[in-house]
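> Before I ask anything, let me first share the structure, which is written out below as structure tokens.
The values are calculated or read from the model by the stated rules, or taken from the named source; none is laboratory data. All values reported here derive from a predicted model rather than from experimental measurement. Note that we place each Cβ from the backbone using ideal geometry, even for glycine, and neighbour counts take in every protein chain shown.
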Amino acid sequence: MFENQMIISGKELKEKGLTYYKINQLVEEGILRKLNKRYYENMNYIGEITDFSYIPAYIPQGVICLMSAAVYYDLTNYMPHSVDVAIPRKSRVSTLPDWPSIDLYYYTDYRYNLGIEENNNIRIYDIEKTVVDIIYYRERMGIDTAKEVLVNYLRRKDRNLNQLIRYADKCKCGEIMRTYLEVLI
């Protein structure tokens with residue numbers, strides 16, 4: 001029925017013609033696992049499962065950011081203890097799961113909306129926005145970590161320095177980014 005979908009909303013199940021009785025029956029049979037009021041996990045899902053897969057169920061407006069996105073793009077060897085998720089500053093999150101551990105970052109609307117892309121139902125910032133955010137939050141992330149991410153980005157063949165500078169200017173860290181680039185290039 002939903003073999004190719006790991007997280008399924010109750011609304012999607014209803015649209016497929018399932019009643020609440022049938023949904024509860026599927027939960028009791030172990031085919032579905034209830035995650036929260038709106039979402040279920042398909043226990044018969046065959047495919048890649050990552051910590052990122054659960055983010056849309058708990059934080060629908062969340063975007064994978066900072067070190068979690070850097071790991072996704074192979075920009076660092078750092079293994080984060082939790083998933084970094086950006087949400088709009090005025091958003092509220094009612095409950096977070098015990099697993100995966102999630103760190104929330106409240107972004108201004110402008111910073112939040114810049115550079116979002118969607119991969120396999122997971123919203124994540126593109127590689128240039130990820131680098132810019134890490135440079136912007138370099139004090140919190142660590143100067144060495146920020147340098148490692150930028151150096152690894154500069155080694156990539158698919159890098160887009162114009163986009164990187166454009167994002168840096170829009171996110172108010174253009175001068176800092178230019179200084180780093182002058183030293184490293």
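> If the Cβ limit is 7 Å and pairs must be 6+ apart or interchain, which residue in region 107-118 that is among the charged types (D, E, K, R) pairs with which residue that is assigned to a strand (DSSP E or B)?
Pairs found: ASP109/PRO88; GLU117/ILE124.
> Considering (1) more than 30 Å from GLU148 (Cα to Cα); (2) assigned to a loop (DSSP other than H, G, I, E, B), say which one ILE8 fails and leave the rest.
It is condition (2) that ILE8 fails.
> Now for a separate question. Considering only region 30-147, give the strands (runs of 3 or more DSSP E) lying wholly within it that have at least 1 residues that are assigned by TED's automatic domain parsing to the domain that holds ASN160 and modelled with pLDDT of 95 or more.
Result: 83-88, 102-107, 116-119, 122-125.
> In addition: Restricting to region 21-47, what's the tally of residues that are in contact (Cβ under 8 Å) with a residue 40 or more places away in the chain and farther than 12 Å from GLY10 by Cβ?
Result for region 21-47: 5.
> Going residue by residue through region 80-99, is there one that turns out to be touching a residue at least 12 places away in the same chain (Cβ under 8 Å), under 25 Å from LYS157 (Cβ atoms) and not hydroxyl-bearing (Ser, Thr, Tyr)?
Among the residues of region 80-99, not one is touching a residue at least 12 places away in the same chain (Cβ under 8 Å), under 25 Å from LYS157 (Cβ atoms) and not hydroxyl-bearing (Ser, Thr, Tyr), which makes the answer no.
> Separate question: In region 158-174, which residues are among the aliphatic types (A, V, I, L, M) and surrounded by 15 or more Cβ atoms within 10 Å (Cβ to Cβ)?
Within region 158-174, LEU164, ILE165, ALA168 qualify.
> While we're here: Restrict the check to region 171-183 and report whether at least one residue is polar (S, T, N, Q) and in contact (Cβ under 8 Å) with a residue 12 or more places away in the chain.
No, because not a single residue in region 171-183 is polar (S, T, N, Q) and in contact (Cβ under 8 Å) with a residue 12 or more places away in the chain.
> Go through (1) outside the structural domain of GLU128 (by TED's automatic domain parsing); (2) touching a helix residue (DSSP H, G or I) at 6+ places or on another chain (Cβ under 8 Å) for GLN25 and report which single condition fails.
(2)
> Moving on to the next point. Looking for whichever is within 15 Å of the chain's Cα centre (by Cα) and acidic (Asp, Glu) here; the options are ASP98, ASP109, ASP126. Which one fits?
ASP126
> When both residues are 6+ apart or on different chains and their Cβ atoms are under 6 Å apart, which pairs have a first residue that lies in region 127-153 and is under 17 Å from TYR112 (Cβ atoms), and a second that is among the polar types (S, T, N, Q) and assigned to a helix (DSSP H, G or I)?
From region 127-153, the pairs are GLU128/GLN163.
> All but one of (1) loosely packed, with under 14 Cβ neighbours inside 10 Å; (2) part of a helix (DSSP H, G or I) hold for MET177; which doesn't?
(1)
> Return the total of residues in region 1-46 being among the aliphatic types (A, V, I, L, M) and over 20 Å from LEU96 (Cα atoms).
Final tally of qualifying residues: 9.
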